[in-house]
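Every read-out reported here was derived from the displayed coordinates using simple, explicitly stated rules and does not represent laboratory data. Fair warning: this is a prediction, and the values are worked out from it, not measured in the lab. Quick reminder, even Gly has a Cβ in these numbers, built from the backbone with ideal geometry, and neighbours come from all protein chains shown.
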Amino acid sequence: MAVTRRQFMKVSAAGLAASSVGALGFLDAGDALAAGVRPFRLEKATETRNTCPYCAVSCGVLVYSAADAKDGKAKVIHIEGDSDNPINRGTLCPRGAASLGFVHSVNRLKYPMHRKPGSDKFERVSWDFAMDRIAKLAKEDRDKNFVAKNRDGVTVNRWLSTGFLGGSSCSNEAGYLTYKVVRSTGILALENQARI
Ligand code: SF4
């Protein structure tokens, strides 16, 4: 039987492929492939929807947590863009994409700290202590510096010696309430990190 050049190449290629697979032990390629697939690492993780805290774009993120092997406590293991979020549709900028580092940073402030007068270090305090102290100092400052009328006798009701920092990733509702409460005190310096 005459064999054309094309037929010869086809037969040779098929034989080579078969012998190579056999030599590698992949006779049952399906099983071998399945055995080589690592389990999806987020399979048993808890998924939580949240908002990137960095800027006013407020991209949606999916935060995955799982029990830590050492102490069993839930620990954030992965953060990615939320593809269902209409703002970012799964994308994140480099800053948002690196937010796992922010979560586990040793420099991250997780609770209120207070430096006593004359002290050279900050110490951890309770939220109650922090809230009471802020309220007390704010009231003292407002009582002292609130301006009801300007020099022309026009009512201005302003308090210029204290400012308030909000968060651009707050929801509309939280932002609205923050604005109302802060403005009702007369504060003009209401700020957040929104710059986009
Ligand atoms: S643009 Fe970047 S920093 Fe801003 S919310 Fe989106 S991911 Fe976060």
> If you count, for each residue, the other Cβ atoms within 10 Å and average over each peptide, how do 51-59, 105-113 line up from highest to lowest?
Replying inline: 51-59, 105-113
> P(r) of segment 46-196 in 10 Å steps, Cα pairs, percent per bin?
Replying inline: 9, 25, 30, 23, 10, 2, 0
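With both partners inside segment 113-191, how many of the DSSP beta bridges are antiparallel, as a percent to the nearest 5? Show your work: numbers first, answer last.
Working: 4 of 8 bridges.
Antiparallel bridges make up about 50 percent of those DSSP assigns within segment 113-191.
Students often check this: by mean Cβ neighbours within 10 Å, which of 87-95, 116-124 ranks highest, and how do the rest follow? Walk me through the numbers before you get to the answer.
Numbers: 87-95: 13.7, 116-124: 8.1.
Packing order, densest peptide first, comes out as 87-95, 116-124.
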>> To check my understanding: the extent here is largest minus smallest coordinate of the Cα atoms along each principal axis. What are those three numbers for segment 46-103, in Å, largest first?
In response: 36, 20, 13
> Taking square-rooted eigenvalues a ≥ b ≥ c of the alpha carbon gyration tensor, is segment 113-191 rounded, prolate or oblate, where a/c under 1.5 means rounded and, failing that, a/b exceeding b/c means prolate?
Replying inline: oblate
